[in-house]
Each structure stands twice: as C-alpha cells, then as structure tokens.
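See below for the structure under consideration.
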Amino acid sequence: MKDLSEKTIGTQRIYEGNIFTVRKDEAQMPDGLIAEREVVEHRGGVGIALEDEDGKFFMVTQYRYAQKCVTLEFPAGKKEVGEDPLTTAKREIAEETGYEGTDWFYLGKMFPTPAYDSEVIDLYYAKKGAFIGQHLDEDENLNVSRYSLREIEDMITDGKIPDAKTMGMALLIRTNKERGRI
C-alpha cells in the first residue's frame, strides 16, 4: 500500500486565541513536493447523549454565531487544558442540563473537519442521574428539550439538524442499542 503521510518541515503561528490557534505549515509530500498546509489547532471537546427513563434524549437549542442561526444538538463542550474527555463530559452535561450522568459509555471520537482542523470530539452516552442544577457559562444561552432517538433521526433526515456531531452520535447510539451495548 502506498505511503500517504506528509512530513512537517516548517511551521509558523498565524493567530493565537482563547479557543484555537492557526498555523501555516510547510509539508513534504511522499513524492518530495513541498505543500502549504493551514491548520486550526483546537484542544478538543465532547458530545453527550443523556437519556432519561422515558427513552428521551436531552438536546440543547442555541444560537451558533459562526453559522448565524439557532441549532438543535446534543449537549457538548470544550475540554479545559489538560482535562480528560470523561471529566469534560460529566462537567458539561451538568452545566448544560442540570443533571448528572450515570452508566457512562464511550461511543467513540470524531474529527469534525479533518482537512484543516485538529479538533477531536469524544462522544459519550449516559443515563440521566440526579438533578443538581444547571450552571451555564457566563456567555452561554440555551434551551433544553428532550426527544426520542427516532425524532432526532427524523429531524436529521429532514434537514432540521445539520450538526455533524449530533448526526454521528445518533448513528452510534442506534447501532450500540441494536447490538445491546447500551
């Protein structure tokens, strides 16, 4: 099988912000050609599918500034520096929904935009635990609702949920339920 890897031979930081950094790299391709690669460095995040005793999943509706629209999606959040993904998931689900999660199950990871972004989103399933109170971040404004997996799948199919992590998680939840893992 042909080697497809590229070797970084130079890098320059273009921008450093609170959420991400942008760099421009020079990469040597397997055939020796030198190519420019622009990369967004992101510390990563999590997505959480919290299911209640009625088989409904907590979803959040929020305004996504970059897309200039309101989205419906599974709760999610950014990892703090050095934080492991499960700790992030437990913190974020409580902050956004007010509920603890129990019986945590790792669904896998996804690369939202692997062509130019280093972000990895770790995906989790949990069952609803005790209510401990919602604690949104200062700059966070969202509504919480609950839907069955079928309703979520229908909204994805109908184009009402364009969020990639929610699409992927719905597939992973359905598959893991059918295989008896969750």
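For the stretch 1-135, the mean projected area of the C-alpha convex hull, equal to one quarter of the hull surface, is 11.1 nm². Longest segment of the chain with no GluC sites (Glu not before Pro) in a DSSP loop having at most 16 other Cβ atoms within 10 Å? Maximal segment without exposed cleavage sites: 84-137. Scanning the chain for trypsin sites (Lys or Arg not before Pro) lying in DSSP loops with no more than 13 further Cβ atoms inside 10 Å, the longest uninterrupted stretch between such sites is 69-159. Excluding the site residues themselves, the longest part of the chain lacking any chymotrypsin sites (Phe, Trp or Tyr not before Pro) in a DSSP loop with at most 13 other Cβ atoms within 10 Å is 117-182. About its Cα centre, the dipole of the chain is roughly 380 debye, where the only charges are +1 on Lys and Arg Cβ and -1 on Asp and Glu Cβ. Here the spin labels are modelled as points 7 Å beyond Cα on the Cα-Cβ line, and at Glu151 and Asp25 they lie 4.3 nm apart. Charging the Cβ of each Asp and Glu at -1 and of each Lys and Arg at +1, and nothing else, the dipole of the stretch 119-182 about its Cα centre rounds to 640 debye. Report the paramagnetic label zone for Asp137: residues of the stretch 38-63 whose backbone N is under 15 Å from a point 7 Å from Cα along the Cα-to-Cβ axis. Residues passing the 15 Å test: 42-48, 62-63. If amide H atoms are built 1.01 Å from N in the plane of the peptide, which residues on other chains or at least 5 residues away come under 5 Å of the amide H of Gly98? Correct list: His135. Contact order, relative form, for the chain: 21 percent (alpha carbon pairs under 8 Å, 6 or more residues apart, mean separation divided by residue count).
Taken together, the values in this text are just the output of simple stated rules run on the coordinates, not laboratory data. Keep in mind that what you see is a predicted model, and the values were worked out from it rather than measured. Neighbour counts run over all protein chains shown; Cβ positions are idealised from the backbone, glycine included.
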